[in-house]
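Novice: Take a look at the following structure, please.
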Amino acid sequence: MLTSLPLTLLSLVLYNVAVFVLPGGAPATLWAEPLFAVPMLSGALFTATLGDGLVVLGIVLLFFEILKATRTGNASLADHTLSMLTFVGYLVEFLVVPAAAHSVFAILLVLAFVDVVAGFSITIRGARRDVGWGP
């Protein structure tokens, strides 16, 4: 059952911990905090923020969720159900909680939606190959 937990839930938990548990967690300033800066050959300075890091983590987790969606069996139903519940949790928090009205959270919401749609699409596509249509 633990393998059925959606990895996109980790992004949601990290966002909420950063905003509601850590001191000074105002989303407008928190997600703009620089993580690192790298001087480029062009002379420009590439700066990655904490929000960028969380979005990149969400994309990596989405990749592994899509890999999980290729599994077949009874666990895939639980996986899809929990992914849908995670998406609904993202959506409700985005609409109701003022701290979630931030572009970083909106991008994580879209990633959770892609997880749900990709999971169902991959499962349906795989099931279509398993069905025999003729003699």
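The values are calculated or read from the model by the stated rules, or taken from the named source; none is laboratory data. In this text the structure is predicted, and so the values were computed from the model without any measurement. Neighbour counts are summed over all protein chains in view; Cβ atoms, including those assigned to glycine, are modelled from backbone coordinates with ideal geometry.
Novice: Is it true that L85 is farther than 19 Å from I122 by Cβ, part of a helix (DSSP H, G or I) and modelled with pLDDT of 90 or more?
Specialist: No: the conditions fail for L85.
Novice: Looking at (1) over 20 Å from L91 (Cα atoms); (2) surrounded by fewer than 16 Cβ atoms within 10 Å (Cβ to Cβ), which is the one condition that is false for V13?
Specialist: (1)
Novice: Among F105, F87, F63, F120, which is the only one that is among the aromatic types (F, W, Y) and more than 28 Å from A28 (Cα to Cα)?
Specialist: F120 is the lone residue from the list that is among the aromatic types (F, W, Y) and more than 28 Å from A28 (Cα to Cα).
Novice: Shifting gears a bit: Would you please name the residue that is modelled with the highest pLDDT, looking only at residues in region 110-135 that are among the small types (G, A, S) and in contact with a helix residue (DSSP H, G or I) (Cβ under 7 Å, 6 or more places away or on another chain)?
Specialist: In this case the residue turns out to be A112.
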